[in-house]
Amino acid sequence: MTIALYYAENIKVGANTVTVSMSVSGPLRFAISEYSGVATTNSLDVTAGATNVSTAASSGNATTTANGDLLFGTASTADSVTWTAGAGYTIRDQVPAPPNAKFITEDQIQASGGSASASATLGASGNWGMILASFKPGVGGGGPAPSITSLSQTTGAAGLSVTITGSNFGGTQGTSTVTFNSTIATVSNWSATSIIVTVPAGATTGPVLVTVNGVQSNGVTFNVVPAPNISGINPASGPSGASVTISGANFGSSQGSSTVTFNGLNAGAATSWSASSIVILVPNGATTGTVVATVFGTPSNGVSFTVTTAGPSISGLTLTQGPIGATFTVQGANFGSTQGSSTVTLNGAAMSAANWTATSFDVTVPPGATSGLVVLTVGGVQSNGANFTVTPPPAITNIAPTSGPIGTNVVITGTNFGPTVGTIQSFVTFNGVQTRASNWSDTSITAPVPTGATTGSVIVTVGGIQSNGVTFTVTPPPSITSLTPNFGPTGTSVTIAGANFGATQGTSTVAFNNTPATPTSWSATSIVVPVPAGATSGNVVVKESGVQSNGVNFTVTSGSGTVSLVQHRSIDAGTTSSGTLAFTSNNAAGNWIAVAIRAGSTTSETFTITDTNGNTYQQAYQFATSPSAIVFALYYAENIKGGPNTVSITDTVSGPLRFAIFEYSGVAASHSIDAVPVIAQGQSASASSGNLTTATNGDLLLGTVVTPNADTFTAGTGYVIEESVPSASAAKLIVEDQIQSAAGPVSATATVSPSDAWAVGLAAFRSIAGAAPPITVAVSPTSASIPSGYGTQAFTAATTNDFQSKGVTWGLSGPGCSGLTCGTLTRVTTTSVTYNAPQNVPSPATVTLTATSIVDTTKSGSATITVTQGVLTIVLSPKRAAVTLSTSQTIQFTDIVYNDSSNAGVTWQVDASNGGNSTTGTVSSTGLFTPGTQPGLHTVTAVSNANASVSASAPAAVTDLAGVYTHHNDVARTGQNVQEYGLTPSLVNSSTFGQLFSCPVDGYVYGQPLWAANVNISGGVHNVVFVATEHDSIYAFDADSPSCVQYWKVNFLGANVFTLSPSDLNGNGDIVPEIGVTSTPVIDPSTNTIYVVPKTKETSGTVSGQACSTASPCFVHRLHALDLATGAEKSAFNSPVVITATNFVPAKHLQRPALLLANNTVYIAFSSHGDQCNYQGWLMGYNASTLAQVFARPLTQAGPTAGCQRGGVWQAGAGPAADPNGNVYVETG
């Protein structure tokens, strides 16, 4: 369903016909309207739109900018309904005619600009879409003319960013323009009162004008000057304090607010300044880099200057004002690694220092100190001075509001807060719980009420000094935790459990899907209320003192019905992997089919059920018995198609197959399963499924009983045996049924004669008129306050009566956002999700996270998210990383800095050292980490240049491990890796540890992947992971690439060469669906060789003297030696060789244990497939250089004799082990 609105301005006079065409054929309904008095150009003011399922359609809010707008609303639904116009609106067109309209238009005139929405009421709940468009009037529609009050700068060069402040600019730019003396400028930000533009190239001195809807503002003169340019610097090198002459042009006649920086450090006041020459001293702390002159906000080109000797230099204070006792950090360079004899003073008063490093230290404002310069003296050399103002302690005079829920933004008014948040010792607490301010000035702070806050004092702490406290009352919103019951007809008494409902009802209300209800009992945690007349299924909501709770779904039910068996058949299909069975009579459309299956030979098989009518089958249950390998299952199809029908079953494993098919009438057409099925097994004469509890009356109960032997069965109480397979007197499968008149606990039982092992399954299915146990969805937590930009929050969804455990889908919405502006969702599953806040706070700041049931999309739960203004924060990616000890391997770290208004960026460190060093590793200015000479765990940190107390770090593990060449890391199979630095208990947690990437392969992987570092492969040096599959393949992947770079792949199959299947092994299903490479290969790094043993089935050629054919295939184990870099067979090693020995039967033997490389020998051990005789355990050895067999030893006989001697080597995939003396160890079963 698509809804759209088009308009034409300043139309021509005369007769007119409107034509609408679509790119796709489908239902088309439209209306045309003509209005007078609308603006002839730029008439569209604002728009809004929304979709939902309910009886109340609304476009959502939009804010108009002009008085007298035409508000035009259109709405559409998929179903015919009766419409009622929204408040103030008049319905102009209804298509088709009422009361069956699916499309309407409505309008009204808005007297004054402001918030507006279009709304309408549907006669019945439905899926609707609604849009609002507002159009400005022709007279006065543009409102007052735009007016400029000031420019952030009135002189500057082309490229300078200028902020224009004024009024009546309009909410968005649209077709409006800004010109500099008639040259159009590029706009980067536009609001009704502020515009940010760039002085355009080619602009000349003259007025700046804003033109909105063709109306020009007043002009404010802007002087365009050429950009400063440095032509030379003399001398080009020197120590701190040296006098330097900068030559060039366009510097201005005097310094004024212009600056000179040496590699980013401000040099302060110049000795002399003219338009073409600047004389200035090299500032203390300057480092080698470029010298830049910035005039009227425009930087010049940079010219290199080499600093030969650098003195101490203060670059900033984390607090620039504060009271006696306040602590702050002095930042800069060349402080020396320890304080030693160095001193620091504030306006001459000595200050004590702590935490001294070469770039920062902490100081405390001493008693008696006065405002002035903070100066550092190192080795008798003074630094530059940094201003600090000594103030009285912080004081709060007022907070607004004084109460509210978690997430409320509170404005704190007072004095002496400091101009910025300053150090980490400056913060706001709500009854001891710290929050992060979104706005901070000397007299005003805005901060959200933090999660976990309780009623108590709000306190501002500046540099460790606390203000007075002012009480704030935290008022939690009402919250519903459950409804009992959560379904029922009108009049059902429902208990609403939760919190914060209020001690008495007062003006509070309860509504069932927007229908008001009258409670009979009310307390702060419980409300009892009958379902009101006229209520429909939907959310129950409590509104207390105007604050709305979360919604919890309630299903309004009615009706009853009867289930009847229509027809049924069964078949013993014999030993096979598929079977078919036709119904005797045609199926009736809308009926219901059940398929009961008993199969055997393996516990790991999968059934596929289809029929000739294309019905869809769902699994009620499947269970594998133990120790006998019997699998039985029950499948069903709802709301079936009519006509002749044949049911087909395919099984992934060939074996005994018996099944029965049933057609019932009166079963629910959807969501028919009523409770989670129950299954039990035992050995006796009395079989029982155990209890399940049904929720509706009149359920169909279907019980399935299976035994390994042919038995005689007697139905349980109330049940009728409908099918016995193969026969009633010698059955291994029976299906019994009954109709349960009243809901409650129930089981399926039967008597087995003689006593035997048995398994029983029971499933209950609703009648067509029975009330579906309503699915409910609850999201946890129900509310959260999350900072913009970087904030995240994990949510979970719990469903009830979702018997198939299909879970939910997730969505975001909000009155002030759409798409990415509401945030994003990651780590999405059917039960959980992670919410990531948007870059900017929506207006309003509320976002709704909705979890919608997959089984029943009309059922959902939600959580309310309040997006708060984030503070200066840095996020690093990746959160952790690892490389080998090689300069050819690097890690690219990326920083995202949020809420850095100065765009100052970051400084990178390794182990707290700026830029790192050759030992710990280095990091570039763009975050590229190169390992040094020291293995171990190193920390890469990005420090904010705007506030050094804000940083983010990530561990970088540098390993000197050459490779994992064999199973469990070494020939002793210890599994230890003493060169593992990244996976430590402190680092393996949910925030830093998780899946990095996954790569598809062509079969199951039973062997351990192997890893080799710094392999010369594919024209470069890479870390490589080697993976072998049961499809007889081995892969070489780039171990560090999320793009799954594949360097090579070798597959050992070909024409008439196949993997084995369970059917080749008498149905043994230990490994399914195919058998290829099962063991872990082994790598010899000294020869760059990887050894691997695939198993194949071959139907042509000759192997070890046996002619291979389809009727008599050869089963073969081969030892391959492959080149580590290319995957090519090593012909010099005589690769491959067939593994043979006297009385060794390749078909029967399983090569499960990992390969061992020791004593220049590849050791290969064997067990069997499912203990199928004849077999015995073997250990064989092959020369690693020639692949010649060194020995072949059976492990249960002194010599290789025939027979079933067992004693296989499995070791759960672990390989033979070796000790330092060259002894080899294996375990037998």
### Query
Got a number for residues in the range 162-189 being surrounded by 14 or more Cβ atoms within 10 Å (Cβ to Cβ), in contact (Cβ under 8 Å) with a residue 60 or more places away in the chain and of a type in the set (Gly, Ala, Ser)?
2
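Residue-by-condition table, conditions (1) farther than 30 Å from GLY498 by Cα; (2) in a loop (DSSP other than H, G, I, E, B); (3) over 19 Å from the mean Cα position of the chain (by Cα):
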site: LYS732; (1), (2), (3): yes, no, yes
site: ASP737; (1), (2), (3): yes, no, yes
site: ALA743; (1), (2), (3): no, yes, yes
site: ALA759; (1), (2), (3): yes, no, yes
site: ALA784; (1), (2), (3): no, no, no
site: GLY789; (1), (2), (3): yes, yes, no
site: ALA798; (1), (2), (3): no, no, no
### Task
Could you tell me which of the residues VAL295, VAL282, VAL291 is closer than 24 Å to SER360 by Cα, touching a Phe, Trp or Tyr at 6+ places or on another chain (Cβ under 7 Å) and not assigned by TED's automatic domain parsing to the domain that holds VAL330?
VAL282
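Among the residues in the range 733-742, are any free of Cβ contacts under 8 Å to residues at least 24 places away in the same chain and either hydroxyl-bearing (Ser, Thr, Tyr) or crowded, with 19+ Cβ neighbours inside 10 Å (or both)? Write out each step before concluding.
The first filter runs over the range 733-742 and keeps only residues free of Cβ contacts under 8 Å to residues at least 24 places away in the same chain, leaving none.
No, because not a single residue in the range 733-742 is free of Cβ contacts under 8 Å to residues at least 24 places away in the same chain and either hydroxyl-bearing (Ser, Thr, Tyr) or crowded, with 19+ Cβ neighbours inside 10 Å (or both).
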### Query
Just a yes or no: is a residue in the range 34-47 closer than 30 Å to LYS859 by Cα, over 37 Å from the mean Cα position of the chain (by Cα), part of a loop (DSSP other than H, G, I, E, B) and aliphatic (A, V, I, L, M)?
no
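Filter the range 877-904 for residues that are in a loop (DSSP other than H, G, I, E, B), under 21 Å from ASN840 (Cα atoms) and of a type outside the set (A, V, I, L, M) and give the result. Even if it seems obvious, please write down each step before you answer.
So the first thing to find is which residues in the range 877-904 are in a loop (DSSP other than H, G, I, E, B), and the list is 878-880, 885-890, 893, 899-904.
Right, trim to under 21 Å from ASN840 (Cα atoms) and you get 899-904.
Those that are in a loop (DSSP other than H, G, I, E, B), under 21 Å from ASN840 (Cα atoms) and of a type outside the set (A, V, I, L, M): ASN899, ASP900, SER901, SER902, ASN903.
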### Message
For the structure I just gave you, tell me whether ALA710 is part of a strand (DSSP E or B) and surrounded by fewer than 24 Cβ atoms within 10 Å (Cβ to Cβ).
### Response
yes
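Take GLY452 and tell me if it is buried (at least 22 other Cβ atoms within 10 Å of the Cβ), of a type outside the set (S, T, N, Q) and modelled with pLDDT under 85. First the steps, then the outcome.
Values: buried (at least 22 other Cβ atoms within 10 Å of the Cβ): no; of a type outside the set (S, T, N, Q): yes; modelled with pLDDT under 85: yes.
No; evaluated as a whole, the condition is false for this residue.
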### Query
Which residues, taken from the range 366-405, are assigned to a loop (DSSP other than H, G, I, E, B) and among the hydroxyl-bearing types (Ser, Thr, Tyr)?
THR370, SER371, SER383, THR391, THR402
### Query
Out of (1) under 30 Å from GLY642 (Cα atoms); (2) modelled with pLDDT under 90; (3) assigned to a strand (DSSP E or B), what's the single condition that is false for GLY561?
(3)
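Regarding ILE412, is this residue assigned to a strand (DSSP E or B), buried (at least 20 other Cβ atoms within 10 Å of the Cβ), at pLDDT 90 or above and under 37 Å from the mean Cα position of the chain (by Cα)?
Working: assigned to a strand (DSSP E or B): yes; buried (at least 20 other Cβ atoms within 10 Å of the Cβ): yes; at pLDDT 90 or above: yes; under 37 Å from the mean Cα position of the chain (by Cα): yes.
Yes: the conditions hold for ILE412.
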### Query
Would you say VAL542 is under 23 Å from THR454 (Cβ atoms) and either of a type in the set (Phe, Trp, Tyr) or in a strand (DSSP E or B) (or both)?
yes
### Message
For the range 1029-1060: of the residues being more than 32 Å from the chain's Cα centre (by Cα) and of a type in the set (S, T, N, Q), which is farthest from ALA882 (Cα to Cα)?
### Response
ASN1056
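Go over the candidates GLY1213, GLY1208 one by one and state the one that is in the same structural domain as PRO1113 (by TED's automatic domain parsing) and surrounded by fewer than 17 Cβ atoms within 10 Å (Cβ to Cβ).
On the way: GLY1208 fails: surrounded by fewer than 17 Cβ atoms within 10 Å (Cβ to Cβ).
Step by step, each of GLY1213, GLY1208 is checked, and only GLY1213 is in the same structural domain as PRO1113 (by TED's automatic domain parsing) and surrounded by fewer than 17 Cβ atoms within 10 Å (Cβ to Cβ).
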### Query
Quick one: is THR345 part of a strand (DSSP E or B), outside the structural domain of THR455 (by TED's automatic domain parsing) and farther than 22 Å from VAL462 by Cβ?
no
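The values are calculated or read from the model by the stated rules, or taken from the named source; none is laboratory data. Being a predicted model, the structure only gives us computed values, none of them experimental. As a convention, Cβ positions derive from the backbone with ideal geometry for all residues, glycine included, and neighbour counts pool all protein chains shown.
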